[in-house]
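The values are calculated or read from the model by the stated rules, or taken from the named source; none is laboratory data. Quantities reported herein were computed from a predicted structural model and do not represent experimental measurements. With ideal geometry, Cβ positions are generated from the backbone for all residues, glycine too; neighbour counts draw on all protein chains shown.
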Amino acid sequence: MSKSFDNLVKYSFEEYEKAAPNHGRCFHVSFILHGSRILTCGINNYNQQHLIHKFGAFEARYRYGYYHPGRHSEIEAIKKINKCIFKPDYTKYNLVNLRINRNGKLALSCPCANCMRIISEKYHFKRIYFTTDHEEFGQLKI
């Protein structure tokens with residue numbers, strides 16, 4: 001699995017370079033894989049709102065001020081695969097989440113509480129991997 005993760009990291013950095021001025025605070029990329037084959041890729045989008053009608057309400061974590069939730073990369077990847085594959089069987093797929101910080105380094109990319117709620121209620125992935133602050137991959141226990 002290491003070689004496929006290396007390819008995902010390489011692809012993520014290529015996308016990071018393309019989107020450099022427009023990716024906001026951090027650049028998140030999510031891949032849905034079947035084995036080592038990439039089925040789809042989602043990139044966080046700060047310009048579009050969270051799809052409440054499909055994925056439920058986004059519960060803001062911030063007590064003060066207005067928080068506008070953009071679309072997270074996990075949701076973008078799920079949205080794309082639903083367009084490509086009729087009734088996808090998520091139990092056969094792995095979700096891989098990567099984050100590149102402002103300094104161009106891999107950083108912690110564990111899905112947020114809202115994305116985890118959506119993933120655990122509606123989509124049951126085989127495994128969920130994410131980058132850590134130590135530029136390694138961790139795995140969520142589902």
Exercise for the section: Report the residue count in region 65-97 for those that are in contact (Cβ under 8 Å) with a residue 24 or more places away in the chain, surrounded by fewer than 16 Cβ atoms within 10 Å (Cβ to Cβ) and among the hydroxyl-bearing types (Ser, Thr, Tyr). Expected result: 1
Exercise for the section: Quick one: in region 126-142, of everything that is surrounded by fewer than 21 Cβ atoms within 10 Å (Cβ to Cβ) and of a type in the set (Val, Ile, Thr), which residue is nearest to Gly42 (Cα to Cα)? Expected result: Thr132
Exercise for the section: Tell me, please, whether a residue that is within 23 Å of Asn7 (Cα to Cα), assigned to a loop (DSSP other than H, G, I, E, B) and either acidic (Asp, Glu) or touching a Ser or Thr at 6+ places or on another chain (Cβ under 6 Å) (or both) can be found in region 90-101. Expected result: no
Fill in the blank from the handout: All conditions in (1) modelled with pLDDT under 85; (2) in a strand (DSSP E or B) are true of Tyr129 except (1)
Exercise for the section: Please name all residue pairs, on different chains or six or more residues apart, with Cβ atoms under 9 Å, provided the first residue is in region 120-136 and is polar (S, T, N, Q) and the second residue is surrounded by 14 or more Cβ atoms within 10 Å (Cβ to Cβ) and assigned to a loop (DSSP other than H, G, I, E, B). Expected result: Thr131/Leu108; Thr131/Ser109; Thr131/Cys110; Thr132/Leu108; Thr132/Ser109; Thr132/Cys110
Handout entry: Restricting region 98-125 to residues that are charged (D, E, K, R) and surrounded by 15 or more Cβ atoms within 10 Å (Cβ to Cβ), the residue that is modelled with the highest pLDDT
Key = Arg99
Completion exercise
Gly56: passes all of (1) modelled with pLDDT of 70 or more; (2) within 23 Å of Ser120 (Cβ to Cβ) but (1)
